1. Cβ under 13 Å from Arg329's Cβ, Arg329 left aside: what net charge do those residues give with Lys, Arg +1 and Asp, Glu -1?
2. Over region 36-86, give the accessible area per residue in Å² for a 1.4 Å probe, as an integer.
3. Just how much of Lys144 is accessible, in Å², when a 1.4 Å probe is used and the result is rounded to the nearest 10?
4. Tell me, what are the semi-axes, in whole angstrom and largest first, of the equivalent ellipsoid of region 38-364 as set by the roots of 5 times the Cα gyration tensor eigenvalues?
5. Can you compute the charge dipole magnitude of the chain about its Cα centre, using +1 on each Lys and Arg Cβ and -1 on each Asp and Glu Cβ, nothing else charged? Give it in debye, rounded to the nearest 20.
6. So which GluC sites (Glu not before Pro) in region 241-338 end up in coil per DSSP with only 16 or fewer other C-beta atoms within 10 Å?
7. Rounded to the nearest 10 Å², what accessible area does Phe153 have for a 1.4 Å probe in the complete protein model?
8. Rounded to whole Hz and in sequence order, give me ³J(HN,Hα) for region 240-245 from the Karplus expression 6.51 cos²θ - 1.76 cosθ + 1.60, θ = phi - 60°, writing x for Gly and Pro.
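The values are calculated or read from the model by the stated rules, or taken from the named source; none is laboratory data. Nothing here was measured: the structure is a model prediction, and the numbers come from that model. For neighbour counting, all protein chains shown are included, and Cβ atoms are generated from backbone atoms with ideal geometry for every residue, glycine included. Side chains are part of the model used for accessible areas, which takes the heavy atoms of the whole protein and leaves out ligands, DNA and RNA. Shrake-Rupley method; radii C 1.70, N 1.55, O 1.52, S 1.80 Å.
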Amino acid sequence: MSTGFVCDERYFWWDTRSAGLFMPSHIDNFVEPFEHIESASSKRRMRNLLEISGMLKQLTPIEPRFATVEELARVHDQAHIDRMRELSEGNGGDAGELTPFAPGGYEIARLAAGGTLAAIEAVMDGTVDNAYALVRPPGHHAEKDRGRGFCMFGNCAVGARHAQEALGLKRVAIVDWDVHHGNGSQWLFYDDPSVLTISLHQDRNFPPDSGFVNETGTGAGEGANLNVPLPAGSGTGAYIAAFERVVAPALRRFQPELTIVASGLDASVYDPLARQMMTSDGYRELTRIIMDVANEVGGKVVVSHEGGYSPVYVAFCGLAVVETLAGVRTIEDPYLEMSAGMGGQELQPHQDAAIKESEALVGNVPTP
Ligand code: ZN
């Protein structure tokens with residue numbers, strides 16, 4: 001396999017300013033200023049681990065580009081795009097909800113969306129077999145008219161529409177394994193049967209009011225949105241079961257020409273913003289399932305980085321995903337024995353019950 005890789009130093013210059021975790025610091029709320037949890041550390045260290053593990057030199061570099069306003073406007077309101085540019089040209093601001101950014105952030109966010117576009121173009125024109133776009137800021141919480149949850153523009157959503165409108169694809173799937181709900185992708189394509197959106201996430205983490213199993217799409221898009229809200233404490237057993245019983249059969253029905261993975265690595269056992277228990281080997285297995293189904297239905301796979309807040313462990317989970325895409329193994333994950341051995345990694349009965357609810361909806365996924 002030849003695997004493309006998108007990264008750019010400027011992604012690490014997206015500046016979220018200070019906060020207490022994600023909470024803005026202010027004298028009135030008693031939150032002492034600290035480094036914002038969405039910092040460059042986890043992503044920069046993933047790129048560094050790719051280098052020192054020897055993985056990077058086995059990848060095909062793909063240059064990111066700036067997504068154009070027209071490309072962003074396929075999913076976002078012009079007023080949102082204009083407001084982001086104006087704030088960025090001034091002193092920065094908040095892109096919507098909990099999404100602080102410094103001057104110049106508009107350009108970096110366009111480079112993140114454009115990095116995802118470049119990866120999709122390289123895969124669809126056959127330059128590479130598949131690709132990982134290590135972009136920042138993330139995108140899956142951004143909605144039509146506002147940024148949310150550290151996201152300004154929907155990188156994967158912009159990518160899905162680009163694949164259709166510029167590259168002529170008919171059916172695109174977005175599989176979101178970020179531990180938070182992929183609300184942006186869900187609502188942007190909610191009435192659209194040509195984009196299948198599937199999100200696995202920790203039940204009512206963020207946003208706390210979306211991601212329920214009964215959100216299945218509307219109108220012509222009925223059945224083309226699947227949520228798998230997993231209980232807190234879900235480990236590799238629950239994630240693999242959800243992929244085998246919900247994600248894989250849904251993709252087999254839908255037969256996407258392209259599957260875009262919204263790759264948040266914040267379901268990891270060491271993540272500070274969630275309470276799941278995924279390991280690097282868990283992500284390896286999820287990637288393998290996606291690739292196997294894509295192979296079966298004759299589709300392609302592009303992975304675009306989303307969240308992930310363990311400054312240390314994101315790198316090992318990300319390496320496992322990239323290794324699987326490329327079909328090679330490099331180094332061992334030194335944390336794996338301890339994290340995989342934790343109690344509760346295997347599928348638990350209450351997790352099985354949650355997965356069953358989503359599984360029952362797979363038969364409503366549109367077929368070509
Ligand atoms: Zn997340």
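1. Details: positive: Arg284, Arg288; negative: Asp281, Glu323, Glu332, Asp333.
Around Arg329, the surrounding residues sum to -2.
2. Numbers: 2510 Å² over 51 residues.
Accessible area per residue: 49 Å².
3. 110
4. Numbers: eigenvalues 138, 105, 82 Å².
Largest first, region 38-364 gives 26, 23, 20 Å.
5. Values: 29 positive and 49 negative charges, 98 e Å.
Computed about the Cα centre, the dipole is about 460 debye.
6. Values: sites: Glu244, Glu257, Glu285, Glu296, Glu306, Glu323, Glu332, Glu337; in loops: Glu257, Glu306, Glu332.
Answer by residue number: Glu332.
7. Accessible area of Phe153: about 0 Å².
8. Karplus-based 3J(HN,Hα) across region 240-245 equals 5, 4, 5, 5, 6, 9 Hz.
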